[in-house]
Amino acid sequence: MGSVLEVEGLSVVYAGQKREVSALRDVSFDLRPGDTLGIIGESGSGKTTLALSILGLLGAPHRVSGRVTINGKEILSLPEEEKKKLRWRQVAMVFQNSQEVLNPVLKLAEQLAEPIVRHFGLRGAELENRVKALFDLVGLPSFWLDAYPHQLSGGMLQRVLLAMALSCDPQYLIADEPTASLDAICRQEILSKIKSLQAEKGFGLVLISHDLSVVADMAERLMVLYCGEILEMGPTGEVLEGPRHPYTRGLVNSCVGRFPYKDLWGIPGEPARDAGQRCSFVARCTQAIGKCNDERPALRLVASDRQIRCHRGGIALLLECRGVTKTFTLGNHRIQALTDVSVSIKHGETVALVGVSGSGKSTLAQILSGILRPDKGELLFKGRPVNGPWATRQQGGIQLVLQDSSGSVSHRFTVEEVVSEPLIINKIGCPAERKNRVQEALRAVQLPVDEAFLSRRCFALSNGQRQRLAIARALVMEPALLLADEIVSMLDVSTQANLLRLLKGLQNEKGFSMLVITHDLHLARKISERIIVLHAGRIAEEGSVKRVMESSCCIHTQRILEAGLGSPDIKEKPFFVRSPIHPHPFEYRGDMA
Amino acid sequence: MNGKKLLRFVEYLFTFVVVVTLNFAIPRLMPGGPFAAMFTDLGESASLFAQEQRRYFMEYYGLDRPVLEQYIRYIKDLARGNLGFSYYYKEPVLNLVLRRLPWTLFIVLLSTVLSFLLGILLGSFSAWRRNTWCDVLLYSVMVVSGTVPSFLIGLFLLFSLAAGLGIFPLSGATSHFVQYESIWENLADILRHAALPVLTLTLARTSGVYQLVRNSLITVLSREYMVTARAKGLREVRIRYRHALRNAILPLVTRFALQMAGFVGAAIVAENVFAYPGLGRLIREAVFVRDYPILQGVFIVVAVWVLGANIIADMLYRRLDPRTKNNEL
């Protein structure tokens, strides 16, 4: 049982016509028979290069360094003849089905038989039986053996490729996007076939895919590959439930199959062509620091069996509060608003804080922003204790947007005065610069930036406009954390949708974090990655939206979900009826001014 | 399936009819008509007394009849194998053509086989070693040799190997006035005479085949199934010949058919340089004496030949590339 496939420090540099392209950098992993390693990454991340180099198929003029060891025998340095003998015999590959992965002018029988002839020297009836048995194994009638590749459907060809890979009973199987071009039913069939064959034959499987849902079901361990580097690696469940690297989180957010209710957000930007001596993800990363541009991070162990490659130790912790307790006194009564609440918010994430009225949500928001002081507990923002409102006074700090903008935005101020106020109070920038930033912030929330609008008084704005103005006022400080306390509950549905998409878009681009306080569970489900359920001043439950929504273990959560989503089984009722929108009889419209 | 075969047959038949019709029409469309030449010694104007004779000949050859009637008669004659009567050789054209055809077929087919073998061999040699110095050298030599006209090659060979060194005979297809002691001696003599024309044609044609094979193989080498074949750990011989060359020769089949037409042109040149008694030489002789029936007859034979080569290539391609067949099992 000492069999193991070990890859150590594998690097591949392709010698191109003009310049060299580094396709794989310092990749290491090991795999035992019966286990499955999932490799995930966008196209061009080096997945296929990794597969080919494990088979020893990349040689001069390309440069391959590192070690690939099978059962203690290093194979990259073997002479070509020796490598040929090991190929398909020890490591075989299920290629991604494409037009020409099989030779178009040779019959399937011949293509299936040739590795058997090569490695086992079988002939005649024995060979024929074996080939037929292989077709049986993958569930194809044997008359198809006489066909040419172009006569089969994509799903059948994928089965042929699987049969071919298994023809020499390999110890390790590399499956390169085995289901990418298939429909849902075929995909399910192929994947369960691979799974059952693995259980039967016990081969070690390297499953390469760009589809998280494929890998999530199949692999125990997951490797996230980006520009030829491992960015994150660990047990599949843990990595997907709590990604530690910004890129992994971006992938999870980009994947509609993970949690269909959630909004879809891709990772902005394109993969770097050649990272050189810096972090390969730096150009698309929203939490990059100076070091990320100058130095290549190393792959570090951050927990047992969890590795990430990031100078900041993964997604940075932005705000942390530990054991916060707050009591109000009303006459003789002591009202325990918060009891021992610990919350942490990471860079770039959206956390929904839900709970019934009076559960302490707004109190928590005010404590987090430094407006209220907790009785007990400590609060750290970017590693500095928050005592007093310093975090809200600086750029890149915390900004709070409240539910009712008719109260939080002064009627008598002009639009420009409202938005530039925090800059003026905190003495940031010169007047010209302030004006630019005001206009930029207004543009970001899709409000006009012309002089007429800038000098308009706020009483002449609609509710939706004023709420957007409040958000612009927060954004002008370029916050790292936006505390949004029911910011859309007073808006009509369409404005609500626009505003939220706007905020998510800005977040995706600039990378600030949001704590969204809301009653609306549909909303929470749609926009946030993590959810915190507050009940009677305590945290009742916390987890990824997918986990909490799909398998909550907390009675309070279940009650809230039931009430908020209308049905205990959220999968059954994806549509919902909204509470009626209250009209605002005293609203002044801009055009009335 | 049978419907498709029938359709293909009709296609070829139609092509043949078009060729025959053109062959019928072109001499009749030419200014002056055939007898302008017949009664004219080269460069001199026609004598007047010929007017009477001319009408006699027009009548004799049926050229005074309506065109449609002439056409029908032409087709009928053709069907009977009557290609007309040469007025220079005073002999049926068919006899003339049949006597000359084997010699041309012999050198053309032999040089085709040789140039394809050589081209495939050198082409795959180059493709497997692409961008090494052997490949670059061979490629340059081949590209340059492909641009040299075949009559230059022929003349060079004639002067160096035949006239200079005397290894091969200067002209003809056989030695005259010789009694052969055995059939082998006869064959050796024929081969010795054919050697230079065949060599000329082979040299002129190898370059094209070489370039096609090299390019086609290089394209095939980058195909995904080549990675598959290598991943399976197959032997180099099998990868190269069963997987790569098998795919790379497909365009060659098409080229074979296309080349047949060009070969006739090259054969005319080669046969004239070496005074080889084939169709090419017959064409030249006929042109000199303006013997229209011979030219027409030769054209028909060449057309049938090229058409035949196309049919063979078509069938061969269908056999070699399963994708062109119907998708039935």
Residue in segment A:92-110 that is modelled with the lowest pLDDT, counting only those that are in a loop (DSSP other than H, G, I, E, B), under 31 Å from the mean Cα position of the chain (by Cα) and at the interface with another protein chain (Cβ under 7 Å from one of its Cβ atoms)
A:Ser98
Pick from segment B:29-52, criterion surrounded by fewer than 14 Cβ atoms within 10 Å (Cβ to Cβ) and assigned to a helix (DSSP H, G or I), ranking: modelled with the lowest pLDDT:
B:Gln51
Can you name the number of the only condition in (1) away from chain A (no Cβ under 14 Å); (2) in contact with a helix residue (DSSP H, G or I) (Cβ under 6 Å, 6 or more places away or on another chain); (3) buried (at least 19 other Cβ atoms within 10 Å of the Cβ) that B:Gln259 fails?
(2)
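Report yes if some residue within segment B:218-225 is in a helix (DSSP H, G or I), away from every other protein chain (no Cβ under 14 Å) and of a type in the set (Ser, Thr, Tyr); otherwise report no.
Here is the first cut: in segment B:218-225, the residues in a helix (DSSP H, G or I) are B:218-221, B:224-225.
Applying the additional criterion that residues be away from every other protein chain (no Cβ under 14 Å) yields B:218.
Checking the rest, the ones that are also of a type in the set (Ser, Thr, Tyr) come to none.
Checking segment B:218-225: not a single residue is in a helix (DSSP H, G or I), away from every other protein chain (no Cβ under 14 Å) and of a type in the set (Ser, Thr, Tyr).
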Options A:Val138, A:Val224, A:Val215; residue that is at pLDDT 90 or above and not aromatic (Phe, Trp, Tyr):
A:Val224
Scanning segment B:292-304 residue by residue, those out of contact with any Leu (no Cβ under 8 Å at 6 or more places or on another chain) and not small (Gly, Ala, Ser) turn out to be B:Tyr292, B:Leu295, B:Phe299, B:Val304
For segment A:288-323: of the residues being touching a helix residue (DSSP H, G or I) at 6+ places or on another chain (Cβ under 6 Å) and not in a helix (DSSP H, G or I), which is modelled with the lowest pLDDT?
A:Ala288
Restricting attention to segment A:178-193, and to residues there that are surrounded by 22 or more Cβ atoms within 10 Å (Cβ to Cβ) and not hydroxyl-bearing (Ser, Thr, Tyr), which single residue is nearest to the chain's Cα centre (by Cα)?
A:Pro178
Sole residue being at pLDDT 85 or above and outside any helix (DSSP H, G or I), chosen from B:Gly308, B:Gly297, B:Gly233:
B:Gly233
Considering residues of segment A:237-279 that are at pLDDT below 70 and among the charged types (D, E, K, R) only, the residue nearest to A:Gly290 (Cα to Cα):
A:Asp274
How many of the residues in segment A:136-156 are not in a loop (DSSP other than H, G, I, E, B) and not small (Gly, Ala, Ser)?
10
Of residues in segment A:520-554 being small (Gly, Ala, Ser), out of contact with any Asp or Glu (no Cβ under 7 Å at 6 or more places or on another chain) and closer than 23 Å to A:Leu503 by Cα, the one surrounded by the most Cβ atoms within 10 Å (Cβ to Cβ):
A:Ala524
Of all residues in segment A:395-428, how many are in contact (Cβ under 8 Å) with a residue 60 or more places away in the chain and assigned to a loop (DSSP other than H, G, I, E, B)?
7
Can A:Glu128 be described as assigned to a helix (DSSP H, G or I) and either in contact with an Asp or Glu (Cβ under 6 Å, 6 or more places away or on another chain) or away from chain B (no Cβ under 11 Å) (or both)?
yes
Would you check if there is a residue in segment B:142-159 being surrounded by 12 or more Cβ atoms within 10 Å (Cβ to Cβ), under 28 Å from B:His243 (Cα atoms) and at pLDDT 80 or above?
yes
Which ones in segment B:277-329 are of a type in the set (A, V, I, L, M, F, W, C), touching a residue at least 12 places away in the same chain (Cβ under 8 Å) and within 14 Å of chain A (Cβ to nearest Cβ)?
B:Leu316, B:Leu320
Which residue pairs have Cβ atoms closer than 8 Å, lie 6 or more positions apart in sequence or on different chains, and pair a first residue in segment A:467-478 that is more than 22 Å from A:Ser494 (Cβ to Cβ) with a second residue that is assigned to a loop (DSSP other than H, G, I, E, B) and among the polar types (S, T, N, Q)?
A:Met477/A:Gln394; A:Met477/A:Gln395; A:Met477/A:Asn426; A:Glu478/A:Gln395
Does A:Ser153 fit the bill of being under 20 Å from A:Tyr172 (Cβ atoms), modelled with pLDDT under 90 and more than 11 Å from chain B (Cβ to nearest Cβ)?
no
Being closer than 22 Å to A:Val252 by Cβ, β-branched (Val, Ile, Thr) and out of contact with any Lys or Arg (no Cβ under 8 Å at 6 or more places or on another chain) is the filter here, so list the residues in segment A:166-216 that pass it.
A:Val206, A:Val215
Do any strands (runs of 3 or more DSSP E) lying entirely in segment A:440-540 carry at least 1 residues that are among the acidic types (Asp, Glu), and which ones are they?
A:481-485
Suppose we keep only residues that are in contact (Cβ under 8 Å) with a residue 24 or more places away in the chain and of a type in the set (Gly, Ala, Ser) within segment A:267-312. Which one would you say is surrounded by the most Cβ atoms within 10 Å (Cβ to Cβ)?
A:Ser280
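Taking the criterion of being within 12 Å of another protein chain (Cβ to nearest Cβ) and closer than 19 Å to B:Arg235 by Cα, would at least one residue in segment A:140-149 satisfy it?
no
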Go through (1) at the interface with another protein chain (Cβ under 10 Å from one of its Cβ atoms); (2) of a type outside the set (Ser, Thr, Tyr); (3) surrounded by 15 or more Cβ atoms within 10 Å (Cβ to Cβ); (4) touching a residue at least 24 places away in the same chain (Cβ under 8 Å) and name the single condition A:Lys84 misses.
(4)
Mind checking whether some residue in segment B:115-137 is among the acidic types (Asp, Glu), in contact with a Lys or Arg (Cβ under 7 Å, 6 or more places away or on another chain) and part of a helix (DSSP H, G or I)?
yes
Selection within segment A:435-452 - surrounded by fewer than 18 Cβ atoms within 10 Å (Cβ to Cβ) and either aliphatic (A, V, I, L, M) or farther than 20 Å from A:Leu402 by Cα (or both):
A:Lys435, A:Asn436, A:Glu440, A:Arg443, A:Pro448, A:Val449, A:Asp450, A:Glu451, A:Ala452
State all residues of segment B:206-243 that are in contact (Cβ under 8 Å) with a residue 60 or more places away in the chain and under 22 Å from A:Glu114 (Cβ atoms); if no residue qualifies, say none.
B:Leu217, B:Leu221, B:Arg240
Out of A:Lys546, A:Lys571, report the one residue that is in contact with a Phe, Trp or Tyr (Cβ under 8 Å, 6 or more places away or on another chain) and either in a helix (DSSP H, G or I) or at pLDDT below 80 (or both).
A:Lys546
Of the residues that sit in segment A:502-519 and are surrounded by fewer than 23 Cβ atoms within 10 Å (Cβ to Cβ), touching a residue at least 60 places away in the same chain (Cβ under 8 Å) and over 20 Å from A:Thr363 (Cα atoms), which one is nearest to the chain's Cα centre (by Cα)?
A:Asn508
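The values are calculated or read from the model by the stated rules, or taken from the named source; none is laboratory data. All values reported here derive from a predicted model rather than from experimental measurement. We place every Cβ from the backbone using ideal geometry, glycine too, and count neighbours over all the protein chains shown.
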